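S.K.: Input: one structure, supplied below.
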Amino acid sequence: MTERHLATAAIAAAVIAGALGSTVQQTRGAFLTTQAAQPPLERTASPAGSSAVELGGRYDRQGSYVGGRWMEIKYGRPIKRGRDLFGPPDFADALADGAPVWRAGANTSTRLLTEIPVVIGGKTIAPGEYTVFIDLKRNDWTLIISAWPAQLNGYNTDDKTALFGAYDYTPDKDVVRTRMTLEVLPRSFEQLSWEFLDVTDAGGKLALFWDKQLAFVPFTLAK
């Protein structure tokens, strides 16, 4: 190849490389512009949450847990966002938000679903779905497990057969009312959580964490 041909080839390669670089830059710029134009992701102020435990099973020879049945709690998870949740004199009224008791969550009623009979507060809870509330008083919290059904598709004020949150709650459908053990935690939990603690073959604890507050009740498997 002559020097002239080599020079021509070099010029052509430079032109192609420049065109490709320009195309890449334009594509990247368009991508970044598109990304920047995206609206922020819409989030629920109090996202839904759940916690579950499998009880009453056993491990077979292959190491699989078999024969267990589930207990689960479903709830909305409010976020602290700098608030003093449990300090003010009217903390119970603030959390109840106009309801007679606290929904112990956010949005829809907190729900307990169990496939296995369990004993809480000395009373046996049959398999089924229940709503969960807390009657708040200073240093004296009472867990309520109720047979009231929950409204799951928003608040329908005309529906008197089911509850949204704790609005219109009445105690006539209470299955269990039992005092909760309260503890102050060394760390603050930003988002409300329900959890199952200290679970054994015999039972465990149903517990709520929020800010520096822990509240729980023990439960056992019914015999």
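S.K.: Take the residues in region 155-189 that are of a type in the set (Asp, Glu) and out of contact with any strand residue (DSSP E or B) (no Cβ under 6 Å at 6 or more places or on another chain); name whichever of them is nearest to LYS223 (Cα to Cα). Working first, answer last.
M.R.: Going through region 155-189, the residues of a type in the set (Asp, Glu) turn out to be 158-159, 168, 172, 174, 183.
Right, trim to out of contact with any strand residue (DSSP E or B) (no Cβ under 6 Å at 6 or more places or on another chain) and you get 158-159, 168, 172.
Details: ASP158: 41, ASP159: 37, ASP168: 35, ASP172: 27 Å.
Per the criteria, the residue is ASP172.
S.K.: With respect to the numbered conditions (1) surrounded by fewer than 15 Cβ atoms within 10 Å (Cβ to Cβ); (2) in contact with an Asp or Glu (Cβ under 6 Å, 6 or more places away or on another chain), which one is the sole condition not fulfilled by LEU214?
M.R.: That leaves (1) as the condition not met.
S.K.: While we're on this one: Report yes if ARG177 is under 20 Å from the mean Cα position of the chain (by Cα), assigned to a strand (DSSP E or B), surrounded by fewer than 19 Cβ atoms within 10 Å (Cβ to Cβ) and not polar (S, T, N, Q), otherwise no. Please lay out each step first, then the result.
M.R.: Numbers: under 20 Å from the mean Cα position of the chain (by Cα): no; assigned to a strand (DSSP E or B): yes; surrounded by fewer than 19 Cβ atoms within 10 Å (Cβ to Cβ): yes; not polar (S, T, N, Q): yes.
It is false that ARG177 is under 20 Å from the mean Cα position of the chain (by Cα), assigned to a strand (DSSP E or B), surrounded by fewer than 19 Cβ atoms within 10 Å (Cβ to Cβ) and not polar (S, T, N, Q).
S.K.: Please indicate, with yes or no, whether at least one residue in region 180-190 is outside any strand (DSSP E or B), over 19 Å from GLU129 (Cα atoms) and touching a residue at least 40 places away in the same chain (Cβ under 8 Å).
M.R.: Going residue by residue through region 180-190, those that are outside any strand (DSSP E or B) are 180.
The next check asks that each one be over 19 Å from GLU129 (Cα atoms); those that pass are 180.
Add one more test, that the residue is touching a residue at least 40 places away in the same chain (Cβ under 8 Å), and what stays is 180.
Yes; the residues of region 180-190 include at least one that is outside any strand (DSSP E or B), over 19 Å from GLU129 (Cα atoms) and touching a residue at least 40 places away in the same chain (Cβ under 8 Å).
S.K.: Related question: Do we have any residue at all in region 66-85 that's farther than 27 Å from ASP140 by Cβ and in a helix (DSSP H, G or I)? Write out each step before concluding.
M.R.: Residues of region 66-85 that are farther than 27 Å from ASP140 by Cβ, as a first pass: 66-70, 72.
Filter once more, keeping what is in a helix (DSSP H, G or I): none.
The answer is no; no qualifying residue exists.
Here's the yes/no breakdown for (1) of a type outside the set (Phe, Trp, Tyr); (2) more than 18 Å from SER193 (Cβ to Cβ):
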residue: GLU115; (1), (2): yes, yes
residue: VAL118; (1), (2): yes, yes
residue: GLY121; (1), (2): yes, yes
residue: PHE133; (1), (2): no, no
residue: LEU136; (1), (2): yes, no
residue: TRP148; (1), (2): no, yes
residue: ASN153; (1), (2): yes, yes
residue: THR157; (1), (2): yes, yes
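S.K.: Return the total of residues in region 38-61 being assigned to a loop (DSSP other than H, G, I, E, B) and touching a strand residue (DSSP E or B) at 6+ places or on another chain (Cβ under 9 Å). Spell out how you get there, then give the answer.
M.R.: Residues of region 38-61 that are assigned to a loop (DSSP other than H, G, I, E, B), as a first pass: 38-47, 56-57, 60-61.
Okay, now just the ones that are also touching a strand residue (DSSP E or B) at 6+ places or on another chain (Cβ under 9 Å), so 44-47, 56-57, 60.
So the count comes out to 7.
S.K.: Could you tell me which numbered condition ARG81 fails, if it satisfies all but one of (1) closer than 24 Å to ASP168 by Cα; (2) within 17 Å of the chain's Cα centre (by Cα)?
M.R.: Failing condition for ARG81: (1).
S.K.: State which residue is surrounded by the fewest Cβ atoms within 10 Å (Cβ to Cβ) when the search covers only region 90-123 and only residues that are at positive phi and out of contact with any Lys or Arg (no Cβ under 9 Å at 6 or more places or on another chain).
M.R.: The extreme case among them is GLY122.
Since every read-out is calculated from the coordinates, none of them should be taken as a lab result. Bear in mind the structure is a predicted one, so any value in this text is a computation, not a measurement. Methodologically, a virtual Cβ is constructed for each residue, glycine included, from the backbone with ideal geometry; neighbour enumeration extends over all protein chains shown.
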